[in-house]
Amino acid sequence: APTPSSSGPVAFPDGFLWGTATAAYQIEGAGAEGGRRDSIWDAFCRIPGAVRDGDDGMVACDHYHRYRDDVALMKGLNLDTYRFSTSWARVVPDGRTVNREGLDFYSRLVDELLGAGILPWLTLYHWDLPQALEERGGWPERDTAYRFADYAVTMHEALGDRVGVWTTLNEPWCSAFLGYTSGAHAPGRKSPEAGLAAAHHLMLGHGLATSALRELAPEATLGITLNFTVSDPVDPTDPADVDAARRDDGMFNRIFLDPILRGAYPADILDDVAHLGLADLVLPGDLELISTPIDVLGVNYYNGGAVSARPQHAGGGAPEGTAGPDGAREDTVLWETRSPNPVPDGIHHHSRGLPTTDMGWEVQPEGLTRLLVRLQQDYAGPRDTALFVTENGAAYPDAVQADGSVDDQDRLEFVDAHLRAVKDAIDAGADVRGYFAWSLMDNFEWALGYAKRFGLVHVDYGTQERTVKASGRWYAGVARDNALPARPAARE
Ligand code: PNW
């Protein structure tokens with residue numbers, strides 16, 4: 001029989017923050033308005049075949065013009081906080097000169113949020129590097145880290161008194177390894193060396209920005225958001241699988257966690273990448289900057305992986321038509337069958353035959369419990385850093401009913417299951433203080449364009465009409481009550 005915590009109502013700790021998250025390029029549109037110039041994503045979208053259906057973010061959800069309505073929508077969802085990112089290419093379009101009009105947009109947005117009683121949670125970098133800086137070398141170039149810190153100070157001078165929480169980067173793993181090693185994301189470069197150089201300079205930018213903001217505002221709440229996986233060996237008794245899982249965990253999780261929260265790169269990973277020149281890029285003082293104390297660690301979690309030293313035989317455990325070899329779906333090939341990491345050889349992700357979302361990602365809520373408990377014990381706890389789930393959610397195709405409503409029980413159940421997993425982690429000692437659903441509304445899903453829908457709110461891209469889905473109405477109740485109701489299935 002299911003235990004009460006697995007199906008009954010679940011209360012969250014007092015003061016737990018309920019939010020949703022978005023990113024500038026995914027929702028704003030107004031690509032050439034208000035003095036904004038190209039980011040690497042604008043340039044990437046113009047490469048034939050780079051983005052599904054040739055989609056781009058020029059209009060997206062038109063949030064730049066509709067932000068007042070969108071904040072009203074958030075208020076109707078009873079949100080405590082809203083995690084958004086600012087577009088560097090809007091604020092510093094040429095990489096050097098501040099564009100007042102760009103700053104003014106974010107100032108209006110922040111005032112609107114505060115007026116609605118919603119805490120602004122600002123991310124400085126969610127993947128949209130000004131193209132002008134890419135043309136000067138991009139993240140593999142050390143100078144980009146200094147430009148990022150200048151931009152951080154500019155934002156803080158404009159909004160410092162009104163923004164509650166400042167996070168530097170969203171998912172540097174994606175920026176570095178999808179952007180510069182696998183080439184699946186902007187700017188589409190394909191080099192292991194460039195990916196590692198980008199990773200180090202992203203972290204240096206985080207460190208420079210964090211120490212600069214700390215000096216400007218000693219009381220500010222500062223942090224970073226990382227994306228995490230949970231790497232389980234396919235066969236825990238096979239040393240080769242165990243080693244593959246170690247390297248997978250190392251290149252996803254520890255290569256960022258350890259410098260930021262322990263002040264050093266993991267020794268085993270430094271060994272694995274010794275031929276790629278990372279150590280030469282790390283100058284004296286870098287790791288001290290990168291490990292500047294942070295107040296919050298943002299945790300983005302979608303799924304874990306079963307990792308092996310050997311490829312999975314086609315058909316081995318994967319339901320026909322959903323997952324191919326290594327669990328990658330034909331239509332959502334971000335990873336192909338190869339890990340995007342700079343040292344991909346001998347790392348294979350196997351399908352476990354779990355249900356998958358429309359991204360082809362396996363649904364694995366218990367991984368989030370294990371991840372949060374590990375982060376608490378090994379990283380956040382010792383550094384007195386609070387944990388927040390800054391992204392979690394699911395793409396599913398929306399079935400729009402004749403009356404325009406969207407009854408997305410699959411998404412609702414996904415979020416419900418993961419929130420139960422968060423509560424399990426809290427009960428096991430993880431200091432998790434809030435949860436942000438990805439995403440507030442359907443939006444531009446990067447290389448997959450508008451084909452994938454993650455929103456609690458449906459967007460009709462033809463009319464820009466927003467419709468709160470069943471999952472959104474349910475989430476509004478959760479935020480209001482600071483508690484989950486009994487599980488949907490258990491209500492019957
Ligand atoms: C995150 N992967 O991206 C981003 O922060 C969001 O902007 C995005 O919309 C969301 O998750 C859903 O994709 C990721 O390949 C993209 O492991 C790819 C991966 C992980 C996260």
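The values are calculated or read from the model by the stated rules, or taken from the named source; none is laboratory data. Bear in mind that the values here come from a model prediction, so they are computed numbers and not experimental data. Because the Cβ atoms are built from the backbone with ideal geometry, glycine has one as well, and the counts that use them run over all protein chains shown. Note: areas computed on protein heavy atoms with side chains; ligands, DNA, RNA excluded. Shrake-Rupley method; radii C 1.70, N 1.55, O 1.52, S 1.80 Å.
Observations on the structure shown:
- Residues that are touching a Gly at 6+ places or on another chain (Cβ under 6 Å) and either more than 17 Å from P187 (Cβ to Cβ) or open to solvent by 20 Å² or more (accessible area, probe 1.4 Å) (or both), drawn from the stretch 122-146: A132
- Any pair with Cβ under 8 angstrom, 6 or more apart, that starts in the stretch 61-78 at a residue that is at negative phi and touching a residue at least 60 places away in the same chain (Cβ under 8 Å) and ends at one that is small (G, A, S) and assigned to a helix (DSSP H, G or I): G76/A476; L77/G472; L77/A476; L77/A479
- Boolean, G117 is open to solvent by less than 10 Å² (accessible area, probe 1.4 Å) and outside any strand (DSSP E or B): no
- Flag if I224 is on the phi < 0 side of the Ramachandran plot and assigned to a loop (DSSP other than H, G, I, E, B): no
Residue-by-condition table, conditions (1) of a type in the set (A, V, I, L, M); (2) touching a Gly at 6+ places or on another chain (Cβ under 7 Å); (3) open to solvent by 60 Å² or more (accessible area, probe 1.4 Å):
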| residue | (1), (2), (3) |
| --- | --- |
| S6 | no, no, no |
| E28 | no, no, no |
| A32 | yes, no, yes |
| R37 | no, no, yes |
| D55 | no, yes, no |
| P93 | no, yes, no |
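- Residue in the stretch 185-203 that is over 30 Å from A43 (Cα atoms) and either within 16 Å of the ligand (Cβ to nearest atom) or more than 18 Å from the chain's Cα centre (by Cα) (or both) present: no
- Options R370, R420: the member that is in a helix (DSSP H, G or I), open to solvent by 50 Å² or more (accessible area, probe 1.4 Å) and farther than 27 Å from I27 by Cα: R370
- Residue match in the stretch 385-408 (condition: in a helix (DSSP H, G or I), open to solvent by 40 Å² or more (accessible area, probe 1.4 Å) and of a type outside the set (A, V, I, L, M)): no
- In the stretch 427-492, counting only strands (runs of 3 or more DSSP E) that sit wholly within it, the ones holding 1 or more residues that are open to solvent by less than 30 Å² (accessible area, probe 1.4 Å) span 432-438, 457-460.
- Flag for L77 being more than 16 Å from the ligand (Cβ to nearest atom), at pLDDT 95 or above and within 28 Å of G449 (Cβ to Cβ): yes
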